[in-house]
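Below is one structure, written out as structure tokens; the observations come after it.
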Ligand code: FEO
Ligand code: CA
Ligand code: CA
Ligand code: CA
């Protein structure tokens, strides 16, 4: 029964209890081990991570980065992708962002400067910025089955081991490549940029490449006062993505290290998007426009250049999930833009799917991802929905548009949020991960939370985002989030209409007014984020900000009764499609794993034999992940296997 696709109907394991401990806990009968923590060397000759954090910035080009996030296990056979092989594989994962204070030997360190503009008040050390740049991006790590037959270990020095960072050269592909909007001092032709950034959720392509996503890239850019040559439309476009004038970047300040050597200075000034010259090719005003894309990586070709697939739009991409492919039909991807009141999108390829393209690498990506139609979702109050095309010349997306005149498809894609505004898309409660049920073909999206819901005029309570209250007495929008789902008309993923309902409302079980899905202490949760249907149709839900609130007050609420650290729940009831606005029974939703205090659990993948589940732990607290005797906590991957070596959830599959 190995690798059996039979889906369990009930869950037999005992739910993991609420825990606010500094350690992780997994369901009885399972084993959870830390692997590949921050700083792990991928090749020989790079010293082991030390708790004093003195490893050089450059050495991180060959170490695991920080804040492990979305990932995928690619089975490997004869040096190529094989979706059925579990003995050996490439574990490819995102490093979303950095915890500056826990990365540098100096902690979070700034040098005060005397320049008057607030944007330049503080400077950071070049070595700290380099280390942070290198701790972002993607890691490709070859893993092989351990000698005892359970779990995996890294193959150090594998030719596949690779880091792609926020300084690796990447190609712009699709309609935005070569556009005026992406021409920079680095590449005046507008085809290349340096780096991928804030890689959050993961995606797999049907042909076997890795799709990484760029989410909060805004945070590493600064913008001062632009010279007047910036058009009103492009000024609006920048602000629509959060980069207002005198935006100092978040705390990263990557643009601030100074150097007399022009080449070194350029390494940092590229994060400053202020328009200082006459032409865009004299400065980095457009570098900002070269981030925010689904980026395709072929892990089996270690010299391949990451491709930013601009046809899929530019926004704060969370993850990217494809609909089951059909020979001779377009390939369809679903995506969320994770910011308060942003949208849900889908991309329909122009090229028709051919099974011959499996294993086709980036060439197959060129075929399916460079041409197609990007749509954005409208959720009507009556449970119907529709997809609006974001195509230049249609739906008011032309040069007459008042907020932002669109002069071509490149402008529609670079400013996809503004284009989606124009066509009346529905503002959602922070769309995070998307996953498609292999059983019903329905699409599920986590709407993690939104403190603006019902609080801001442009984000009123609606049928699809119906909660704006906190039963603990604080009026603060949708605190706990929900999971929405829809079925495309006729089961056709290229359809322009759909029917939606809310699958599950997250809430603490003790708050009856808010607990619309009647969760209990075995399965209550908050802020759904990571979402993954395994190939058997079992749904896995991961949480972020699980102390039943938003981040701003998680410290406070850790003391509340009923609190639980972030974790992983699993359910067999998704995909049975009760379509009654809530699950018929919550008996089949159970808490499977609870992470250590302070962490977020994100990123999930399973080996093809279903015997190993990998999840990631970001920004743990205390000393979780530290070297023995050390005090610096580290993000890491957690490898979960059954103690008896059987497949995950075997106790449910083989009950007699
Ligand atoms: Fe990186 Fe929206 O989570
Ligand atoms: Ca997330
Ligand atoms: Ca989140
Ligand atoms: Ca995160």
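The values are calculated or read from the model by the stated rules, or taken from the named source; none is laboratory data. Computed from a prediction, not measured in an experiment: that's the story for all the values here. Cβ atoms come from the backbone with ideal geometry, glycine included; neighbour counts cover every protein chain shown.
Would you check if there is a residue in the range 37-45 being exposed (fewer than 15 other Cβ atoms within 10 Å of the Cβ), in a strand (DSSP E or B), away from ligand 2 (no atom under 16 Å from the Cβ) and free of Cβ contacts under 8 Å to residues at least 40 places away in the same chain?
No, that holds for no residue.
Look at the range 263-274 and say how many of its residues are closer than 22 Å to residue 228 by Cβ and out of contact with any strand residue (DSSP E or B) (no Cβ under 9 Å at 6 or more places or on another chain).
Of the residues in that region, 1 qualify.
For (1) crowded, with 17+ Cβ neighbours inside 10 Å; (2) at pLDDT 95 or above; (3) under 30 Å from residue 9 (Cβ atoms); (4) under 22 Å from the mean Cα position of the chain (by Cα), each residue gets a yes or a no:
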| site | (1), (2), (3), (4) |
| --- | --- |
| 436 | yes, yes, yes, yes |
| 454 | yes, no, no, no |
| 459 | yes, yes, no, no |
| 475 | no, no, no, no |
| 478 | yes, no, no, yes |
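Going residue by residue through the range 398-417, is there one that turns out to be farther than 30 Å from residue 182 by Cβ, touching a helix residue (DSSP H, G or I) at 6+ places or on another chain (Cβ under 9 Å) and either crowded, with 24+ Cβ neighbours inside 10 Å or in contact (Cβ under 8 Å) with a residue 24 or more places away in the chain (or both)? Break it down stepwise before answering.
So the first thing to find is which residues in the range 398-417 are farther than 30 Å from residue 182 by Cβ, and the list is none.
No, there is no match, as no residue in the range 398-417 is farther than 30 Å from residue 182 by Cβ, touching a helix residue (DSSP H, G or I) at 6+ places or on another chain (Cβ under 9 Å) and either crowded, with 24+ Cβ neighbours inside 10 Å or in contact (Cβ under 8 Å) with a residue 24 or more places away in the chain (or both).
Quick one: would you say residue 515 is over 30 Å from residue 389 (Cα atoms), free of Cβ contacts under 8 Å to residues at least 12 places away in the same chain and either more than 16 Å from ligand 1 (Cβ to nearest atom) or not in a strand (DSSP E or B) (or both)?
Criteria met by residue 515.
Is one or more of the residues making up the range 434-441 part of a loop (DSSP other than H, G, I, E, B) and in contact with a helix residue (DSSP H, G or I) (Cβ under 9 Å, 6 or more places away or on another chain)?
From the range 434-441, those part of a loop (DSSP other than H, G, I, E, B) are 437-441; that's our starting set.
Now narrow it down to the ones that are in contact with a helix residue (DSSP H, G or I) (Cβ under 9 Å, 6 or more places away or on another chain): 440-441.
So far as the range 434-441 goes, yes, one or more of its residues are part of a loop (DSSP other than H, G, I, E, B) and in contact with a helix residue (DSSP H, G or I) (Cβ under 9 Å, 6 or more places away or on another chain).
Okay, residues lined up against (1) free of Cβ contacts under 8 Å to residues at least 60 places away in the same chain; (2) in a strand (DSSP E or B); (3) closer than 30 Å to residue 77 by Cβ; (4) within 16 Å of ligand 3 (Cβ to nearest atom):
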position: 318; (1), (2), (3), (4): no, yes, no, yes
position: 321; (1), (2), (3), (4): no, yes, yes, no
position: 325; (1), (2), (3), (4): no, no, yes, no
position: 349; (1), (2), (3), (4): yes, yes, yes, no
position: 362; (1), (2), (3), (4): no, no, yes, no
position: 387; (1), (2), (3), (4): no, yes, no, no
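State which residue is surrounded by the most Cβ atoms within 10 Å (Cβ to Cβ) when the search covers only the range 599-619 and only residues that are within 16 Å of ligand 2 (Cβ to nearest atom) and part of a loop (DSSP other than H, G, I, E, B).
599
Which of (1) in contact with a strand residue (DSSP E or B) (Cβ under 9 Å, 6 or more places away or on another chain); (2) under 24 Å from residue 401 (Cα atoms); (3) surrounded by 22 or more Cβ atoms within 10 Å (Cβ to Cβ) is the odd one out, the single condition residue 244 does not satisfy?
Result: residue 244 fails condition (3) only.
Among the listed residues 149, 203, identify the single one that is touching a residue at least 40 places away in the same chain (Cβ under 8 Å) and in a loop (DSSP other than H, G, I, E, B).
On the way: 203 fails: in a loop (DSSP other than H, G, I, E, B).
From the options 149, 203, the qualifying one is 149.
Search the range 312-333 for residues being in contact with a helix residue (DSSP H, G or I) (Cβ under 8 Å, 6 or more places away or on another chain) and buried (at least 24 other Cβ atoms within 10 Å of the Cβ), and hand back the single one that is farthest from residue 195 (Cα to Cα).
This residue is 331.
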